[in-house]
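To start, the structure itself, in structure tokens.
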Amino acid sequence: MIMNMDPMFLALSLFRRRRFDKCIDICTSILDKQPLDQAAWCLKMRAMTQRVYVDDMESEQQMDNDFLDENVLASAPRPGTSMKTAVAPTASGLGTRPRTATGRPISGVARPGTNARPGSAMDRLRTARPATNQSARTIRLGTAAMLTQKDGPFIQVSRLNVAKYAKNKCLNKALFEYLFNHEGDVRSAMELAVQATQFFEFKDWWWKVQLAKCYISLNLIREAEQQLRSALKQHHHVENFMRLARIYLRLDQPLSATEICKSGLEIFNSDVSIMTELSRIYEALNDTATSVKFYRNIVVEDAMNSEAIACIGMYHFYNNQPELALRYYRRVLAMGAHSSELYNNLGLCCLFSQQLDLTLACFQRALDLATDPIVKAEVWYNLSHVAVAAGDIELAIQCLSLCLSSDPSHASAFNNLAIFHHKMGRTNLARVYLTTAKQLEPNLWEPQANLEFLQSK
Amino acid sequence: MDKLIRPVFTLDLNYKIEPGLVTIAKYDGTHPCVTAATTAGKVLIHSPHRRNAVTTGRMIWSESNKEIATLNVNDSITALCSGQFLPDNDKDILVIGTSTNVLVYHVHDNKDVFYMDCSDGVKSLALGSFRDMKTTILMVGGNSSVHGYNHKGEEVFWTAVGDVVTSMILMDYNKDGLNELIVSSEDYNIRVFKDKILTELSETEVVTNLTALPENRFAYSVSNGTVGVYEQEVRLWRVKSKNFTISLKCYDLLGQGNMQLITGWSNGKIDCRSIKTGEVFFKDNMNHGLAGVVEGDYRSNGKTDLICISVDGEVKGYTTTKIMPTIPGVTMEQDTIRMLLAQKQSLMMELKHYENNTKYNETVTNQTESFESQGVIPANTRLQIAINTNEGKPNVKPHVEIFIATNNTTIIRAVMIFAEGIFKGETHVVHPPASQLKSEVSVPLYLLKDTPVDIHIKALIGFPNSIQFHVFEVTRQLPRFAMYSLQRNNFPVKPKEFVEFRVNERLQRICMWINQNFLFSSDVEFESGPNLILNLRNLRNNQEIVLIFEISGKVTLHAENLGLAADLVQSLGSFLNLDNLESKANFPSEEENIQNFMKKLQEIQDARLRLGTDVADRLGQIRTLVIRAEDARLNDLKEMPKYYNELMVLNKEIINGNNIRLHNYNEGVESMKKINAIIQQASRLRGNIFVVELESRL
């Protein structure tokens, strides 16, 4: 029966059902018969683009390359006006939130950019992870493209007549997306975009946004800003607001970013994406109250937004309301999230809300689900707190040792281990652990204070 | 007078500062911060009050830079300016101009107000109110134009200036309660704009600095070392020095209740002068050239101090000293006596001379020869001066000539001519060799610009072997259009470029204008006939100019040169007190030029975009390579040279690319300048169709 169907129609249907591989195969066979069939050519491009498409707004790769990057204007901005110099919150009941060496909170929710290890970009780069503007994502896409094309690339980019296609309304956008997302060839994509904007007499906002994307990946931030601003003047679009806000974040001007987001909210009342962006910025600025306000608004709009729910939960947890936090986390669990981190958080909430029967069960699950050694280490670290709460120092020491076996660079674990050993009377061992902790994370003040305490004795 | 005013504070910024790029602003609304551009393309903000601020967050201000924060600009800074810009916001905004863009930056909140590409470059910035606009306007002066932006970054004002803008101020120039824009540019002019050009003042060299002074005056400094003060069109005073001025500022240093003009010089000298007379009240020296002089409450005591910053980063603060530097009574008396004695002596000398003179004139009335030996000349000696146009001979360029003669046998030993802007320097001396001394001298002048010039002539008169000479001083005014000679017969063809307009004036009045502004051997008079036709020849380039004044009031000026036509219209307009003039112009060649330039500019802009992305792409590659090389240094030493070699190749490419870009940029600036020059001149033909058409096309 399928054989009787028009192959082009079939391909379209497959494309709509997101069965891209099959769609590409059919398109290839059509093109073999009629090499100049533009419809098939376009559909094949679209399918190939869609197959590797990644939402770059939510991708892990937040290009925060401070190495050789001089886009940031102020070297020492006033606290509270920059991501680097956020105001430290005052300590509340449960103690301060754990932070990385750079002052970013560690716990909360996993979101784009938080998985980066502390340290400067140069340190991160030593781990051989390419992190320049032409980042891992682009490289990966490039290899993905090569794998699937047995008989040479689908489009010879170098032979492409960019000027001709730029004027073709039906093909130019698809071609751009193909070049940008599938081939990862920003230069050619940009040439196409430049010619297309000129052809449309600078009246098409879409091309401006694409140009801005190209500029961003070439690290020409200011040019990108101009394009986006001009695009925003022509057309209000959520994506434009968010991209512009991202640009200001990259220039380390969070206040400008929030301003853009707020002006976006005036047009798109209570838009979830913009509010998410806003609450993330406020959280990065350590303005948790405002951040949670926006998260609450998000939940009003979208009751299934797990990021918002988890963040509200975390807010309650650090505000001495573990019972409330527990409710939010359980809601996330009920929505189907099933991860080590979530069980870990649930376990902590149970511990602090005195529901001890569930505590260990939760941590058990967390350990079962933890595959990443770093996550595992964190779970063991938290378990050591459970042991402390139970008054079992030997158990706590064992937990911490297990934590260190998973992640030997866990400074806080070394610090706590030192304290327990000191309590057990092994002062010299404690001193060694404290020194290690201090070496691992010089910014952590606890090992320093403890060392001074030992010294003064 | 001794140094009685001493600095109240000194400190060192430890940064090299670009001269002229210094400003002060209250970024948080209360505390002033000296802000300066460093030679390394950074802007430094010095905030002394930060010392007391609680360190918040994890930011630790190190001991050395506790008070100094820097902003990365990554481009050479060409202009710096600060002030309140946003409506309903008392915090000062910093404006940074580089060769290609302008950034308006809210320092306190660390955010951009706006960022804008300025293809015309940024040479000068000014913030203030303008005309009757309610909000503050940011004026950006470029290579050939001035743009005005409001706080949203919208362009609200635009005008063409003939050349690179060197300085701008916004102040009330003509006492009408509204601010005018005063612009100085590299064509030696200071222009005052309102809706159109109000006044044009010419200087002898490039005017580098302008500062508004109280009572509608403004001070200016010229690149040849002159400083002066204008009150409207009247120059109150000027002085010249071999150094040049970096910064001007008005401040009441002596506590006199009114302001004095503080001048910072390139050799480190600071002086304080009276605004009205230019008399020096106080002087001090810094070890290095001045970078800027600003005023602000830097000691948090409620009073503003005068802060001088040198290029080496040295900062000195002075404050108002209430006690006038009084000299003890005794010395004052002695000084006065000495002065009076000197005066008496000189008067006695003069008297003696007069006595001698009269004696000779009385006793030896008919013994002319004896005059020679005595250095005395007959009392009836007169100096005759004639100024004419000379059309030149095959080997002599056409010029304006000043003919000086005496009415008897005395000879002219030398002639000194003082005039602004027609010679290199300001003085021209003619002293014929002893063998060719005659009782007449003619001095050729080659005028480059059409401006009226006052010529001060000093002639030394005597006899061939006199030792002493008499000095005759004469002042003459050269009319504006001196370099044009009247032709008796009509030209076969009139130039096809022309301006046409209508004035309601009698031709006799126009004749008056002609006689005042041109240098003809005899006055032009209108007898009868339908029209008055003047055929002129430009002595500079031999171009022909035909002026036709019809009895109906229609005026047609045929001139190939757009600038000249504009000058003529302006001059006639101001003579006849015309506020508005409808004119029709036809300059096909200029129009063609402008079209060519536009086309060229478009091409250059296209190329610029491509070159820009090229560079950015290479920069990305360089980053990857640096990291790879660094990685190889740690892990795989053999690979390292490969990466570094690649890096070197890339580096060379990028340098080449940059040279191309620079060339491209310069060409762009050049065309832009030419376009703007044409527009500016065309606009001086007053509101004609040609300009309107052109502006719409831009």
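The values are calculated or read from the model by the stated rules, or taken from the named source; none is laboratory data. Everything numeric in this text was worked out from a predicted model, so none of it was measured. Every residue, glycine among them, receives a Cβ derived from its backbone with ideal geometry; neighbour counts consider all protein chains shown. Side chains included, ligands, DNA and RNA excluded: accessible areas come from the protein's heavy atoms. Shrake-Rupley method; radii C 1.70, N 1.55, O 1.52, S 1.80 Å.
Report the calculated FRET efficiency for B:GLN605 and B:PHE418 (r = Cβ-Cβ distance, R0 = 45 Å), to the nearest 0.05. Display every interim value, and only then the final one.
On the way: r = 48 Å, r/R0 = 1.06.
E between B:GLN605 and B:PHE418, to the nearest 0.05, is 0.40.
Taking the highest mean first, how do the peptides B:503-516, A:339-352 order by number of other beta carbon atoms within 10 angstrom per residue?
On the way: B:503-516: 15.6, A:339-352: 23.0.
The peptides rank, most packed first, as A:339-352, B:503-516.
Go through region B:186-260 and name the chymotrypsin sites (Phe, Trp or Tyr not before Pro) that are in a DSSP coil and have 14 or fewer other Cβ atoms within 10 Å of their Cβ. Mind showing how you got there, number by number?
Numbers: sites: B:TYR188, B:PHE193, B:PHE218, B:TYR220, B:TYR230, B:TRP237, B:PHE244, B:TYR251; in loops: B:TYR188, B:PHE244.
Taking region B:186-260 and a limit of 14 other Cβ atoms within 10 Å, no loop chymotrypsin sites (Phe, Trp or Tyr not before Pro) are found.
Work out the mean other chain Cβ neighbour count within 10 Å for the residues of B:607-617 and drop it here as an integer.
4
Ordering B:HIS147, B:HIS399 from largest to smallest accessible area (1.4 angstrom probe), what's the sequence?
So, going from the largest accessible area down, we get B:HIS147, B:HIS399.
Please identify every one of the GluC sites (Glu not before Pro) in region B:263-322 that sits in a loop by DSSP and has no more than 13 other beta carbons within 10 Å of its own beta carbon.
Hits after loop and neighbour filter: B:GLU279.
Hey, how many Å between the Cα centroid of region B:82-154 and the Cα centroid of region A:178-208?
31
If R0 is 56 Å, what FRET efficiency do you get for B:THR475 and A:LYS164 from their C-beta distance, rounded to 0.05? Numbers along the way, then the final one.
On the way: r = 74 Å, r/R0 = 1.31.
Efficiency computed from Cβ-Cβ geometry: 0.15.
Given labels modelled 7 Å from the Cα in the Cβ direction, how far is it in nm from A:ARG18 to B:ASN301?
Those two pseudo-labels are separated by 7.3 nm.
Filter the chymotrypsin sites (Phe, Trp or Tyr not before Pro) in region B:257-294 down to the DSSP loop ones having no more than 11 other Cβ atoms within 10 Å, then list what survives.
Answer in residue order: no site qualifies.
Take peptide A:219-228, look around each residue's Cβ out to 10 angstrom, count Cβ atoms belonging to other protein chains, and average those counts.
Partner Cβ neighbours, averaged per residue: 3.
I need the calculated FRET efficiency for the pair B:MET348 and B:ASN388, taking r as the beta carbon distance and R₀ as 41 Å, to the nearest 0.05.
Efficiency at R0 = 41 Å is approximately 0.40.
Can you tell me how much longer the chain between B:ASP454 and B:ASN216 gets when fully stretched, taken as 0.36 nm per residue apart minus their C-alpha distance, in nm with one decimal?
83.1 nm
How long is the gain from B:SER589 to B:ARG509 if the chain were fully straight, where each residue apart is worth 0.36 nm and the alpha carbon distance is subtracted?
25.5 nm
In whole angstrom, note down how far apart the Cα centers of region A:356-382 and region B:273-294 are.
Using only Cα atoms, the two centres lie 74 Å from each other.
Quick check: residue separation of B:TRP237 and B:ASP88 times 0.36 nm, minus the Cα distance between them. What number comes out in nm?
This chain segment gains 49.6 nm when fully extended.
Is it possible to state the helix-based mean residue ellipticity at 222 nm for chain B, with each DSSP H run of 4+ residues giving -39500 (n - 2.57), the sum divided by total residues, to the nearest 500 deg cm²/dmol? What is it?
Working: 7 runs with 168 residues, N = 698.
-8500 deg cm²/dmol, from helical runs alone.
Please give the charge dipole size of the protein assembly as shown, origin at the Cα centre, charges +1 on K and R Cβ atoms and -1 on D and E Cβ atoms. Round to the nearest 20 debye.
The calculated dipole for the protein assembly as shown is roughly 1640 debye.
Kindly report, to the nearest 10 Å², the accessible surface of A:LYS262 as traced by a 1.4 Å probe over protein heavy atoms only.
A:LYS262 has an accessible surface of roughly 90 Å² with all protein chains in place.
So for the pair B:GLN256, B:ASN659, with labels modelled 7 Å out along Cα→Cβ, what separation do we get in nm?
About 5.7 nm, to one decimal.
Could you give the dipole magnitude of chain B about its Cα centre, charging the beta-carbon of Lys and Arg +1 and that of Asp and Glu -1, in debye to the nearest 20?
Here chain B has a charge dipole of around 880 debye.
Charges only on Cβ, +1 for Lys and Arg, -1 for Asp and Glu: so what's the dipole of region B:380-478 about the Cα centre, in debye to the nearest 20?
Charge dipole of region B:380-478: 240 debye, to the nearest 20.
If each of A:HIS385 and B:VAL649 carries a label point 7 Å out from its Cα toward its Cβ, how far apart are those two points in nm?
Computed distance between label sites A:HIS385 and B:VAL649 equals 5.5 nm.
What does the structure give for A:427-434 when I average, per residue, the other chain Cβ atoms found within 10 Å of the residue Cβ? Walk me through the numbers before you get to the answer.
Working: counts 0, 0, 0, 0, 0, 0, 0, 0.
Taking the mean over all residues of the peptide, I get 0.
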